[in-house]
Amino acid sequence: MTFLTQSEVTRETYWGISSTGYALFYLLTAMTIAIFAYGIYYRFSRYAEGSEDPFARLNDLPDRITSAARIALSNEKNFDRDLYGGLMHAFILWGFLTLLIATTILAVDDYASTFLLGESFWVGDFYLAYQFIVDALGLLFVVGIGMAIYRRYWVRNERLWGRHTAREDDIFIWTLFGLGVGGFALEGLRIYATGMPEHEVVSFVGYGLALAFGAIGIPLAGDPGLNPAAGLTGENLHWLAWWSHSLLAFFFIAWLPYAKPFHMIASFANVVTRDEKAGKRLPNVPADLDATNAESIDDFTWKELLDQDACTKCGRCSAVCPAKASDRPLDPRDVILDLKSYREERESGAEPQPIVADGGTSVIDSETMESCMACMACMDACPVEIEHLQSFTRLNRQLTDQGDVDPNLQEVFQNVMQHGNTFGNPARNRADWADDLAFELTDARTEHVEYLWYVGDYPSYDDRNKQVARSLATILQAADVSFGILFDDEKYDGNDVRRVGEEFLYVELAGHHVETFEDCEFDSIVCTDPHSYNTIKNEYPEVDFEAFADDPIMPFEYDEQWNADGEVDVLHWTQAIEALVTEGRLDLDGTLDYTVTYHDPCHLGRYNDEYEAPRELIRATGCELVEMPRNRADSFCCGGGGGGLWMDFDEEPKPSEERLREALEDTAAGEAVETFVVACPMCMTMYEDGRKTGGYEDAIEIVDVAELLVEAIEADEPTGIDRAQESPN
Ligand code: SF4
Ligand code: SF4
């Protein structure tokens with residue numbers, strides 16, 4: 001029987017391995033590293049072939065890496081809405097990193113310290129601490145993998161399975177499981193076969209297994225009376241486990257760059273290179289646009305290619321997507337992975353296909369893209385910061401260029417081109433909604449105002465939303481602030497036509513507005529609609545007007561970068577009014593006494609992180625506010641974004657109906673909720689529709705925050721506008 005002499009607290013790294021085995025091990029190591037390195041080189045050289053990304057993504061690298069490390073190590077995105085998934089991923093990640101660091105320490109000790117300096121630091125207390133930590137975190141790793149196996153194969157969590165589920169998913173998880181469990185088995189056999197050294201108690205998992213091996217009577221080579229030909233000795237089993245573990249590790253490392261495990265590298269790179277403003281600002285297109293949309297997979301930028309490789313197939317995006325939930329033909333994960341599969345097929349010699357088109361012959365179908373509400377829920381849920389909307393906009397721009405556009409959208413584009421609004425109504429009627437006000441509105445083009453109020457299309461032309469506009473005018477008047485509008489110089493803001501791919505029309509609208517703003521004197525711009533607020537605040541400052549100013553088709557001459565320094569304050573109206581309430585310029589005495597719930601509009605909440613201003617205002621009316629189960633960043637789109645407002649879909653259920661059901665059945669107050677409060681004209685339109693089609697007319701009322709405020713002000717001091725009595729006109 002061969003026992004390792006433990007004269008000091010450490011262990012022999014290659015115990016039981018012959019010099020031939022040792023040489024073979026290093027040959028395999030060299031081959032594995034070569035295969036791994038080639039795979040990594042291949043992946044990154046492919047990104048280098050991708051087209052240039054319009055956003056700076058490699059600036060401030062130290063900061064980017066630090067914050068990406070914080071996001072990755074904290075697993076904060078994995079914990080979002082999913083405690084089980086967060087713990088599972090945290091255990092796997094922390095365990096994996098610990099084992100990786102431990103292996104690196106061992107390599108440094110072997111090849112630097114011992115080999116070069118003749119002295120090992122892997123002894124004594126350091127060794128004991130090392131062994132304890134490796135066992136503890138290794139155990140966490142195995143538990144995490146066990147949780148993943150349980151969720152995937154036992155519970156069969158629906159979101160983990162999809163069109164792109166493949167054998168590689170099984171191989172990935174079972175290889176990790178084999179490495180974790182095999183590592184402990186190997187450790188246990190080593191401890192057992194080396195005579196249970198006392199100090200190895202710190203390797204508590206391995207020591208426990210060694211005790212178990214003793215209890216079941218696995219023989220050791222030196223045991224008296226043991227047949228020398230006996231195969232199953234502890235030493236032999238250790239040798240077998242050592243090689244199995246090593247070969248599995250070699251396989252995993254060599255395979256890593258070529259399949260699903262690559263997400264471990266790609267996803268970190270993806271988080272490092274993320275755009276903090278992704279989605280809320282879309283990339284510009286050059287004035288001399290030439291095949292920069294999605295004619296071929298080569299048009300995609302390196303970051304869009306990296307997005308595809310970073311996808312872990314976790315399905316978090318699919319699970320929160322309102323288009324998928326309402327049975328529209330869209331799954332955001334599938335779009336990203338369809339593009340990736342097509343790219344890989346092309347690299348393997350497949351014939352080219354149209355990337356996106358109408359009629360089912362392309363990689364992505366136009367109906368899929370039309371289904372997207374641009375709500376950003378997918379991006380908010382994605383743990384690896386995939387920027388779905390950047391790729392989706394590329395696809396939408398391609399559809400627009402090809403003319404594969406839904407007829408309703410086409411009509412909207414025509415209306416905007418001819419009349420400057422999405423309704424196709426005369427521009428001169430834009431401010432007619434104000435005729436019923438008891439006071440005159442100031443023309444912001446001729447007088448200095450504190451607030452330049454960008455009213456927006458729906459509050460200007462849609463009957464139900466005109467009531468909201470009048471309510472907001474009443475509030476601003478009651479607060480005694482100077483405010484004015486642009487009358488027929490206001491046009492549609494362009495936010496949603498941009499999102500469905502009509503970029504040049506968007507630039508035209510943005511150019512017109514910034515030129516108009518420049519001719520006015522005001523302190524801040526206030527928007528009724530979160531969509532207008534988003535694009536004026538985040539996108540107008542980024543448009544390269546200079547590139548288009550000389551274009552005879554563009555109706556503007558403005559050739560600078562508008563609001564480059566952020567000097568012009570752009571606000572959603574709830575932010576402006578909340579500030580007035582806080583400053584004491586508007587009195588709200590909390591006179592209302594019923595129960596309401598509030599729906600966070602995507603463009604105000606997820607897009608721009610404004611959750612509190614509308615809530616503060618609702619509370620100031622005296623109403624009891626009960627939260628929707630899906631609130632703030634988890635809010636569920638009304639279905640109107642991304643052009644959804646203008647198109648017809650076969651949906652079951654409609655997102656608006658589902659949301660009203662949620663308000664009445666899933667909030668803490670249940671059916672006691674009398675009013676569903678919104679802060680967006682598009683939401684108002686969608687929910688008024690959902691209230692009718694879903695049969696909720698008697699159950700709940702849809703009210704804008706502005707209308708609620710007027711009701712509260714009315715209760716104190718009549719203003720002449722009573723939303724309950726006002727009939728739409
Ligand atoms: S933006 Fe919204 S609708 Fe579009 S894919 Fe993402 S979650 Fe779905
Ligand atoms: S895109 Fe993001 S959220 Fe969706 S499956 Fe891939 S990694 Fe998960």
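The values are calculated or read from the model by the stated rules, or taken from the named source; none is laboratory data. For clarity, every value in this text was computed on a predicted model and none was experimentally measured. Using ideal geometry, Cβ is built from the backbone for each residue, glycine included, and neighbour counts are taken over all protein chains shown.
Hey, any hits in segment 383-403 for a residue that's within 19 Å of ASP80 (Cβ to Cβ), assigned to a helix (DSSP H, G or I) and within 16 Å of ligand 2 (Cβ to nearest atom)? Scanning segment 383-403, I find at least one residue that is within 19 Å of ASP80 (Cβ to Cβ), assigned to a helix (DSSP H, G or I) and within 16 Å of ligand 2 (Cβ to nearest atom), so the answer is yes. Just one of the listed residues (TRP453, TRP433) is more than 16 Å from ligand 2 (Cβ to nearest atom) and within 26 Å of LYS277 (Cβ to Cβ), namely TRP453.
Table: residues versus (1) outside any helix (DSSP H, G or I); (2) closer than 26 Å to ILE40 by Cα; (3) in contact with a helix residue (DSSP H, G or I) (Cβ under 8 Å, 6 or more places away or on another chain); (4) among the hydrophobic types (A, V, I, L, M, F, W, C).
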| site | (1), (2), (3), (4) |
| --- | --- |
| LEU237 | no, no, yes, yes |
| LEU248 | no, yes, yes, yes |
| PHE251 | no, yes, yes, yes |
| TRP255 | no, yes, yes, yes |
| MET264 | no, yes, yes, yes |
| VAL271 | no, yes, yes, yes |
| SER318 | no, no, yes, no |
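Inside segment 513-590, counting only helices (runs of 4 or more DSSP H) that do not spill past its ends, which hold 3 or more residues that are closer than 19 Å to CYS602 by Cα and in contact (Cβ under 8 Å) with a residue 12 or more places away in the chain? Output list reads 530-534, 573-582. Applying the criterion of being within 12 Å of ligand 1 (Cβ to nearest atom) and outside any loop (DSSP other than H, G, I, E, B) to the residues of segment 629-660, the residue that is nearest to SER326 (Cα to Cα) is PRO655. Scan segment 355-378 residue by residue and report those that are surrounded by fewer than 22 Cβ atoms within 10 Å (Cβ to Cβ), more than 19 Å from ARG163 (Cα to Cα) and either acidic (Asp, Glu) or in contact (Cβ under 8 Å) with a residue 24 or more places away in the chain (or both). Across segment 355-378, the qualifying residues are ALA357, ASP358.
Does GLY349 satisfy the criteria of being more than 16 Å from ligand 1 (Cβ to nearest atom), part of a loop (DSSP other than H, G, I, E, B) and either touching a strand residue (DSSP E or B) at 6+ places or on another chain (Cβ under 7 Å) or modelled with pLDDT under 95 (or both)? It is false that GLY349 is more than 16 Å from ligand 1 (Cβ to nearest atom), part of a loop (DSSP other than H, G, I, E, B) and either touching a strand residue (DSSP E or B) at 6+ places or on another chain (Cβ under 7 Å) or modelled with pLDDT under 95 (or both). Of everything in segment 195-210 that is touching an Asp or Glu at 6+ places or on another chain (Cβ under 9 Å) and of a type in the set (A, V, I, L, M, F, W, C), the residue that is nearest to ALA221 (Cα to Cα) is ALA210.
Examine segment 211-219 for a residue that is in contact (Cβ under 8 Å) with a residue 60 or more places away in the chain and among the hydrophobic types (A, V, I, L, M, F, W, C), and state whether such a residue exists.
Scanning segment 211-219 turns up no residue that is in contact (Cβ under 8 Å) with a residue 60 or more places away in the chain and among the hydrophobic types (A, V, I, L, M, F, W, C).
Among PRO614, PRO601, PRO629, which is farther than 20 Å from ALA712 by Cβ, touching a strand residue (DSSP E or B) at 6+ places or on another chain (Cβ under 9 Å) and either surrounded by 21 or more Cβ atoms within 10 Å (Cβ to Cβ) or without any contact (Cβ under 8 Å) to a residue 60 or more places away in the chain (or both)? Steps first, please.
On the way: PRO614 fails: farther than 20 Å from ALA712 by Cβ; PRO629 fails: touching a strand residue (DSSP E or B) at 6+ places or on another chain (Cβ under 9 Å).
Among PRO614, PRO601, PRO629, only PRO601 is farther than 20 Å from ALA712 by Cβ, touching a strand residue (DSSP E or B) at 6+ places or on another chain (Cβ under 9 Å) and either surrounded by 21 or more Cβ atoms within 10 Å (Cβ to Cβ) or without any contact (Cβ under 8 Å) to a residue 60 or more places away in the chain (or both).
Looking only at residues in segment 673-719 that are in contact with a strand residue (DSSP E or B) (Cβ under 7 Å, 6 or more places away or on another chain) and hydroxyl-bearing (Ser, Thr, Tyr), the one that is nearest to ILE618 (Cα to Cα) is THR675.
Being buried (at least 22 other Cβ atoms within 10 Å of the Cβ), part of a loop (DSSP other than H, G, I, E, B) and touching a Pro at 6+ places or on another chain (Cβ under 8 Å) is a condition met by at least one residue of segment 322-334.
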